[in-house]
Amino acid sequence: MIERYQLRYFLAVVDHGNFSRAAGHCNVAQPTLSVGIAKLERALGGALFLRSGHRVELTQAGSRLLAHARRIEGEFNLAQQVLAGAAQGPLTRMGVIRSLPGTTIAAITRAARGIDPDARLELVEGTERELLGHVARGRIDCALTLVGRGSDRFLEEPLREEGYALAVPLDHPAAGQASVAAETLNEDVMIVRRHCEVLSDTSRFFTERGVRPHFAYRSVNDERVMQMVAVGVGITLMPTSYAAPDVARPRLAGFDQTRTIGLLYATTSEALAASPPPIIAAARRVLAD
């Protein structure tokens, strides 16, 4: 006999990639979760996971179970809502790439609430790689992320293309310039955005021009990076969509890299793209402006 908690443990391991994080998500000890998975495997007559170090992968049997387990869990949750007299509309789970400005995400959610204040939404933040995995495994319905990478595994909907520019404090000599040559920045202290998708291109660009700066700060939090730039800790290169009152954004001469932000879906989600829930309609509206 299969019990619901076993399926929840199974889905947690799939979504979180290993038994330790899955146990934390389920608020149980790892041995408890492992026992539950073992009982499920015995009930089904085969292993569901291939265990390799700290990572796990689905076996063929596990892959077959996955779609059924998600459907069962979804139907169970819906039944609970109906029986409690609190049936709600469908939940849309959208992934958001970490390098998208918080102001943009806020504008999108504000617009979605304007379309339907009661629409149910779950936002999942992550790197480009993490979001691709979430979409592939069905953890999220779509992702607002980088598109145009040529993958045929997903449906892609480009929404906005943007370039990169320097971020410097207002008292920096380059603050009043439209464009700055890299060679003039040789004495500047810089900040590293560890999650930047063009980090290797940026490093090569400066190195080829003889610029080898001291790095005073490294972060994956772009709002904090902008704050550190504003108070003079260092300068950096960021997507042009970032702005702050105390930060100037001159162009870096010769650096022509761009990125395309858009919506990414599983190849089975044509209906979601064609009849979009409020958060997808809002993303299209905000990023098209």
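For the reader, a short list of remarks on this structure follows.
- The range 82-111 residues that are more than 17 Å from Pro239 (Cα to Cα), paired with ones that are surrounded by 11 or more Cβ atoms within 10 Å (Cβ to Cβ) and modelled with pLDDT under 85 (beta carbon under 7 Å, 6 or more apart): Ala87/Gln81; Gln88/Gln81
- Only listed residue being farther than 23 Å from Arg129 by Cα and touching a residue at least 24 places away in the same chain (Cβ under 8 Å), chosen from Val220, Val211: Val211
- Residues of the range 102-136 classified as assigned to a loop (DSSP other than H, G, I, E, B) and either surrounded by 13 or more Cβ atoms within 10 Å (Cβ to Cβ) or among the charged types (D, E, K, R) (or both), total: 4
- Filtering Thr268, Thr207 for residues that are more than 23 Å from Val147 (Cα to Cα) and polar (S, T, N, Q) leaves a single hit, Thr207.
- Yes/no for Ala69 being touching a residue at least 12 places away in the same chain (Cβ under 8 Å), closer than 28 Å to Arg129 by Cα and outside any helix (DSSP H, G or I): no
- Residue check for Leu264: modelled with pLDDT under 95, touching a Phe, Trp or Tyr at 6+ places or on another chain (Cβ under 6 Å) and either assigned to a loop (DSSP other than H, G, I, E, B) or surrounded by 15 or more Cβ atoms within 10 Å (Cβ to Cβ) (or both): yes
- Which numbered condition Ala79 fails, given (1) among the hydrophobic types (A, V, I, L, M, F, W, C); (2) under 25 Å from Val135 (Cβ atoms); (3) at pLDDT below 90; (4) part of a helix (DSSP H, G or I): (2)
- Members of the range 249-261 that are surrounded by 14 or more Cβ atoms within 10 Å (Cβ to Cβ) and either of a type in the set (Ser, Thr, Tyr) or at pLDDT below 90 (or both): Thr260
- Neighbours by Cβ (under 8 Å, 6+ apart or cross-chain): first from the range 1-23, closer than 20 Å to His54 by Cα; second loosely packed, with under 15 Cβ neighbours inside 10 Å and among the β-branched types (Val, Ile, Thr): Ala23/Thr32
- In the range 227-248, of all residues being more than 25 Å from the chain's Cα centre (by Cα) and part of a loop (DSSP other than H, G, I, E, B), the one that is surrounded by the most Cβ atoms within 10 Å (Cβ to Cβ) corresponds to Gly234.
The values are calculated or read from the model by the stated rules, or taken from the named source; none is laboratory data. All figures in this text were calculated on a predicted structure; none of them were measured in a lab. Every residue, glycine as well, gets a Cβ built from its backbone with ideal geometry; the counts of neighbours run over all protein chains shown.
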